[in-house]
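As structure tokens, the structure follows; a few thoughts come after it.
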Amino acid sequence: MITESRRHHRRSHRDLPQSLSLSLSQSLSRRPLRQGLHSSLRSSLRSLAIGLLLLAPLPAWAVDYLSAVDDLPLAQGLTEQKDKTTVFDAPVGKLITAYATGNVKAADVVDFYDSTLPQLGWEKTASGTYHRKAETLKIDVLGGQGGGPVNVSYTVSSQTK
């Protein structure tokens, strides 16, 4: 024999008062909305995580650029000597000289520029000499023998048309 309290639990929502039945159906209809909010929250958290990764410190392979020539990268291991940089700007053109030094192999520096500069629009015209539009870039790599530091000089000259 089923007791009265058990019979109460077996009632369907059709047996419930209309206000409670309406509340139940509204609650069930909100379920997709809650799932949508959950999905939206998850998407927002994913975007936040990606944003934080982008703001994290750059890895060791990040490239620095010369201060006076903003699209000329420094080979890995070189440090610019900013106090030696000169810039002459005249109506007929511009002349920039910059210097860098580091404990790297001279051949690695030459290989870096031979492979990187063509990707930046520079065409190699001779050993250590590159040309782009009205600009000429000369890179001299000195030293590095016997484990000593490598000294690199950069000269960029441009002519105004």
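Below are the figures for this structure:
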item	result
Two-decimal Rg/Rh across the range 79-159, once Rg and the Kirkwood Rh are taken from alpha-carbon atoms	1.00
Distance in nm between pseudo-label sites at Ser40 and Lys94 (7 Å out along the Cβ direction from Cα)	4.9 nm
Two-site FRET efficiency, Leu142 against Thr86, from Cβ-Cβ distance with R₀ of 22 Å, rounded to 0.05	0.75
Sparse-neighbour loop sites [chymotrypsin sites (Phe, Trp or Tyr not before Pro); the range 60-161; at most 10 other C-beta within 10 Å; DSSP]	Trp61
Low-density loop positions, trypsin sites (Lys or Arg not before Pro), the range 94-156 - DSSP coil, at most 12 other Cβ in 10 Å	Lys133
Sum of side-chain charges, Lys82 neighbourhood, beta-carbon under 14 Å (Lys, Arg +1; Asp, Glu -1)	-3
Lysines with Cα under 17 Å of Lys133, excluding same-chain neighbours fewer than 8 positions away	Lys94, Lys124, Lys161
Sites Gln159 and Ala107, calculated FRET efficiency, Cβ-Cβ separation with R0 41 Å, nearest 0.05	0.80
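Coordinate-derived values only; no laboratory data. Predicted model only: the values in this text are computed from it and were never measured. Glycine also receives a Cβ, built like all others from the backbone with ideal geometry; neighbour counts cover every protein chain displayed.
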